[in-house]
Amino acid sequence: MMMKKAPLLLMIIAFFTLLPNIEIAEAAAPAKPVTYLTQVKVKLLPSAKFSLNISGKYQIVNLDDNSLVPLTSLVTFEQKSGKATVISNQKTYTSSKGFLVNEIQSQEANEVAVSAINTSSGAKKVTYRGSFEIVPGTSQLTLFNKLDMENYLKGVVPSEMPASWSLEALKAQAVAARSYAYRQVQASKSGYLEMTVSSQVYGGKTAESARSTQAVQETNGIYATYNNVPIDAYFHSSSGGYTENSENVWSGKLPYMRAVEDPYDKLPANYHYGWESIAQAGVVKQKLGLAAHQVLTGLKIVERGPSSGATQMAATVYNKTTKENNSILLTPKYAATPDRYRSLFGVSLKSIKFNVYTDSAASIKLADGSVQKAPHLVGYKIKKADGTDAYMEDLNMSVRTASGSELVNTAPNKITFKGDGWGHLLGMSQWGARGMAEAGYKYDQILKHYYTGIEVKKL
């Protein structure tokens, strides 16, 4: 009888022997990642090869087959032959689709330090909250940080406004940044935000400060809205005393982006007043594509907006062939919008609120003895000693003085811009927000001053 039962016993032993293998297979399946209430995806700018120092509850998932990569605290990523590779525990894993580094349990201790992020001040180690996606790019890996909106803002607010500023100004910044990010996420075709001024400056957990985090937490879920929808809450550093209408800076008209007077912006510490930038006339001529027979005689502001910002400019040009002086409008042919003036002339202009000066201005005594001021001398018709007429076309002229003679520019060599403010002048001025906060205004009053007809409320 015992011999007949032996096969059954062997089968039972074999069954229990296989059970641990089944449990291991189930344990190796990826856990469900943390779900973010309002997810924000940010494109980071790492070096070609970078390491992640991982702390907390995370998993690494290979997107090719949804398998787990054994997790160690330090892993290194690099793109090779068009594929993503990760070295973990001295073993290399490869994926054509990339990898996920997912939070699998929400806790404050979770963080990931990226060894080399290319910031405006160079490559630095930066620590982040949330999860990550690493996918092959054109020549190197693309790295995304995915996290909840509120944790994202903790890394934005102190990167956009000094955390030492008044709490009400920081709260206004938090609401503006939250509203802007929400709209950008909704409108983005790519599905992500940039970590730079192209979206909002995002410095991750490394940038966080207790005061700015307090501002984020005390405005949790609060947005600047128009018709119950979060607005494109553009903001800038300094208005120079007056903000501008959106259509006078960019192309679209927004009902809540109207020009407002901004006396709070001019604080003693605000160094964005009275700035100066000098462009070389030869560079400006090249930027405008002028021919050799065309002489750039100056730039002039044709139209200004409520802020006194330049909304239309013209280049004045003398044509040696036709002997004519002409004005060429710069928008939209050379600058699609007025805001492009800030980079059109080969120098960086802090805002469109400026005046223009040249080094070729002169006073001319006319035949009747009167004196006329002129921005340039080239192109003027003069009477020669023999009584014939000629056009002044040399780029400098010898002028007799009481002590001898000196060369005078007949056309500008340099064009000087002098102005106020920093940024596109739309929406909230950050210096103005500081000034209003120091004057006793609350964050919602600050926002309603800069964004016309809005409501500030929780959604």
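The values are calculated or read from the model by the stated rules, or taken from the named source; none is laboratory data. All values derive from a computational prediction rather than experimental measurement. Positions of Cβ are backbone-derived with ideal geometry, glycine not excepted, and every protein chain shown enters the neighbour counts. All accessible areas refer to the heavy atoms of the entire protein, side chains included, with ligands and DNA or RNA removed. Shrake-Rupley method; radii C 1.70, N 1.55, O 1.52, S 1.80 Å.
So the values come out like this:
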item	result
Search result, residues across the range 231-268 that are of a type in the set (D, E, K, R) and without any contact (Cβ under 8 Å) to a residue 12 or more places away in the chain	Glu247, Lys253
Unique residue being modelled with pLDDT of 95 or more, in a strand (DSSP E or B) and surrounded by fewer than 17 Cβ atoms within 10 Å (Cβ to Cβ) when the list is Lys125, Lys146	Lys125
Test: residue in the range 392-413 that is modelled with pLDDT of 85 or more and surrounded by 12 or more Cβ atoms within 10 Å (Cβ to Cβ)	yes
Pair list, Cβ under 6 Å, 6 or more apart: the range 269-280 residue in contact (Cβ under 8 Å) with a residue 40 or more places away in the chain, other residue in a loop (DSSP other than H, G, I, E, B)	His272/Gly421; Trp275/Lys350; Ser277/Val347; Ser277/Leu349; Ala279/Phe345; Ala279/Gly346; Ala279/Val347
Selection count, the range 260-301, where residues are assigned to a loop (DSSP other than H, G, I, E, B), open to solvent by 20 Å² or more (accessible area, probe 1.4 Å) and either over 17 Å from Phe354 (Cα atoms) or at pLDDT below 95 (or both)	9
Counted residues, the range 149-160 - those being within 17 Å of Val185 (Cα to Cα) and either aliphatic (A, V, I, L, M) or modelled with pLDDT under 95 (or both)	3
Meets criteria (under 30 Å from Gln214 (Cα atoms) and within 21 Å of the chain's Cα centre (by Cα)) for Ala172	yes
Qualifying positions in the range 151-185 - closer than 17 Å to Gln39 by Cα and surrounded by fewer than 23 Cβ atoms within 10 Å (Cβ to Cβ)	Asn151, Tyr182, Arg183, Gln184, Val185
Residue among Val126, Val69, Val112, Val101 that alone is farther than 28 Å from Thr38 by Cβ and either of a type in the set (Val, Ile, Thr) or without any contact (Cβ under 8 Å) to a residue 12 or more places away in the chain (or both)	Val69
Lone unmet requirement of (1) among the small types (Gly, Ala, Ser); (2) assigned to a loop (DSSP other than H, G, I, E, B); (3) in contact with a helix residue (DSSP H, G or I) (Cβ under 8 Å, 6 or more places away or on another chain) for Ala315	(2)
Odd one out for Ala361 among (1) of a type in the set (Gly, Ala, Ser); (2) closer than 19 Å to Lys418 by Cα; (3) surrounded by fewer than 17 Cβ atoms within 10 Å (Cβ to Cβ); (4) in contact (Cβ under 8 Å) with a residue 24 or more places away in the chain	(4)
All positions within the range 192-227 that are open to solvent by 60 Å² or more (accessible area, probe 1.4 Å), in a loop (DSSP other than H, G, I, E, B) and modelled with pLDDT of 95 or more	Asn220, Asn227
Any pair with Cβ under 6 angstrom, 6 or more apart, that starts in the range 409-423 at a residue that is free of Cβ contacts under 8 Å to residues at least 60 places away in the same chain and of a type in the set (Ser, Thr, Tyr) and ends at one that is open to solvent by less than 40 Å² (accessible area, probe 1.4 Å) and in a loop (DSSP other than H, G, I, E, B)	Thr410/Leu377; Thr410/Val378; Thr410/Met392
Residues satisfying the stated conditions in the range 45-93, i.e. in a loop (DSSP other than H, G, I, E, B) and within 31 Å of the chain's Cα centre (by Cα)	Leu45, Ser47, Ala48, Lys49, Gly82
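Each row is one residue, and each column tells you yes or no for (1) under 30 Å from Arg258 (Cα atoms); (2) among the hydroxyl-bearing types (Ser, Thr, Tyr); (3) more than 35 Å from the chain's Cα centre (by Cα).
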position: Tyr271; (1), (2), (3): yes, yes, no
position: Gly282; (1), (2), (3): no, no, no
position: Leu290; (1), (2), (3): no, no, no
position: Ser307; (1), (2), (3): yes, yes, no
position: Asn319; (1), (2), (3): no, no, yes
position: Val378; (1), (2), (3): no, no, yes
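Residue-by-condition table, conditions (1) among the hydrophobic types (A, V, I, L, M, F, W, C); (2) under 21 Å from Asn62 (Cβ atoms):
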site	(1), (2)
Phe77	yes, yes
Ile87	yes, yes
Glu108	no, no
Lys124	no, no
Thr127	no, no
Ser131	no, yes
Ser139	no, no
Asn145	no, yes
Asp148	no, no
